[in-house]
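Structure record follows, encoded as structure tokens.
The values are calculated or read from the model by the stated rules, or taken from the named source; none is laboratory data. Predicted, not measured: the structure shown is a model, and the values here were computed from it. Backbone-built Cβ (ideal geometry, glycine too); neighbour counts: all protein chains shown.
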Amino acid sequence: MSFGGTNLDQGHAYNRRLVLEAIRVHGALSRAELTRLTGLAPQTISNISAALTEVGLVVAERRSGNGRGQPPADLRLNPKGGYAFGVSIDNRRIFTVLVDIAGNLLDELEDRLYDTSPESVLPRIASSITTLRKQTPLPVDRILGAGIAMTGLTTHGNFVGLAFDDFTSHWYGFPFERQLEPMLGIPIFTDNDARAAAIGEAFYGKGRKFRDFVYIYFGVGIGGSIINSGQPFRGSRGRASEFGHMIVEAGGRLCSCGNRGCLEQYTSMVSALRAIEHRADNANTQEALLRAFDDGDPRILHWIDSAAIHLTTAIINLENIFDPETILLGGIIPEPLLDAIMARIEPLPRSVASRREDGASRIVKSSIGPAIPALGAASLALFDATSASFSLLFKKNVVSSVPAAIDRFQPASVARP
Ligand SMILES: [Zn+2]
């Protein structure tokens, strides 16, 4: 089965990325396996393998033999071949990770945020990356860049959030990449936090098992992404998947976008904080929600019921429109609250997903905490260098050897009181 390699000269860069991506996803591949997977000519694979080995992105290792003849050499990503930083920003913290090209999480740093204006945030990002660079000295020519994930950002580095609120009002029209690149001296890549988290899930989390999924991100508001044939759907202007502004109650609560009845007026962290009369721009928002939940505060229990009803409407709409393999639910919401909502939305009403031949769950809980959008952000930098096609990620019957960095992450910042 071919994955779209081309043997034409102008396809060289594309083919190099395709080969790198195949190796990244499969962990280790022989030249013969690469030829079969990519559809490229054996000589092309041989030339690309030699070039990638020479620049240090790939290493060749001899497979252990069975005593009969010379075993084939496996090509693997060289973890020392490239590094990237990933930064996730929400209304209370900057979370920064350092990963290598093989997907290993090397270091992480959390910095509390009390002022979310660009004047305050940009130097803090620079400081976090500088700290990680000091802790893990890296060759400058091996740093591929930094990915930044924040609500409202686009892939073009500008801020275009749909709703005005305390957090986003500072950022409208702010040229993120243009301002940050000279400060750091490395390439900057941007995307919104929800889509970065979906990419993080696709590479490192529960999404590794799926080719078509919808990801709902519980951030301060609600966002998400549609991963279609392995690729995040961005829309014509990079603004797709604003699930939080899906109208789930006609004539309902007034939203910051100006419409009424948007999902995030019922189901987001902001709506939960409003329910318990806690200021969203205050620190310790997660702790306040957890305390209310543990105390059995009737306001938070009522919020959970309402959140579940409106989320169910959104899920049925998404299933009927996109027919995904599953819907992943994750984000920075405290996990017990997400568990409580998920418990209330099942069994789900009927949709195109009701009768499933594959028996897959319609909803799956994914990663909680700031690591996944940060890892997804780092992927933006890593895979600009390596990724020809996300579709290789989802080649069936292959166990990816990319380490699940997220599995090792303990979200200390969401510690229970
Ligand atoms: Zn809205």
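Whether any residue in the range 266-275 is in the same structural domain as Y114 (by TED's automatic domain parsing), without any contact (Cβ under 8 Å) to a residue 60 or more places away in the chain and more than 16 Å from the ligand (Cβ to nearest atom) is what I want to check. Scanning the range 266-275, I find at least one residue that is in the same structural domain as Y114 (by TED's automatic domain parsing), without any contact (Cβ under 8 Å) to a residue 60 or more places away in the chain and more than 16 Å from the ligand (Cβ to nearest atom), so the answer is yes. Scoring L329 on the criteria (1) part of a helix (DSSP H, G or I); (2) modelled with pLDDT of 90 or more; (3) not basic (K, R) leaves a single failure, condition (1).
Restricting the range 354-365 to residues that are modelled with pLDDT under 90 and under 30 Å from L337 (Cα atoms) leaves a set whose member that is nearest to the chain's Cα centre (by Cα) is A360.
For every residue, the table says whether it meets (1) farther than 24 Å from I332 by Cα; (2) in the same structural domain as R16 (by TED's automatic domain parsing); (3) not in a helix (DSSP H, G or I).
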| site | (1), (2), (3) |
| --- | --- |
| L52 | yes, yes, no |
| V59 | yes, yes, yes |
| V97 | no, no, yes |
| A102 | yes, no, yes |
| E108 | no, no, yes |
| D115 | no, no, yes |
| G147 | no, no, yes |
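In this structure, A51 qualifies as surrounded by fewer than 22 Cβ atoms within 10 Å (Cβ to Cβ), under 30 Å from R133 (Cβ atoms) and at pLDDT 80 or above.
Can you list residue pairs whose Cβ atoms sit under 6 Å apart, with the first residue in the range 30-41 being at positive phi and the second being of a type outside the set (F, W, Y)? Count only pairs 6 or more apart in sequence or on different chains. Between residues of the range 30-41 that are at positive phi and residues that are of a type outside the set (F, W, Y), the close pairs are G39/S2; G39/G5. Taken over the range 291-308, the residue count meeting the criterion of being without any contact (Cβ under 8 Å) to a residue 40 or more places away in the chain and either exposed (fewer than 15 other Cβ atoms within 10 Å of the Cβ) or among the aromatic types (F, W, Y) (or both) is 8. The single condition among (1) more than 17 Å from L337 (Cα to Cα); (2) over 24 Å from the mean Cα position of the chain (by Cα); (3) more than 16 Å from the ligand (Cβ to nearest atom) that I315 does not satisfy is (2).
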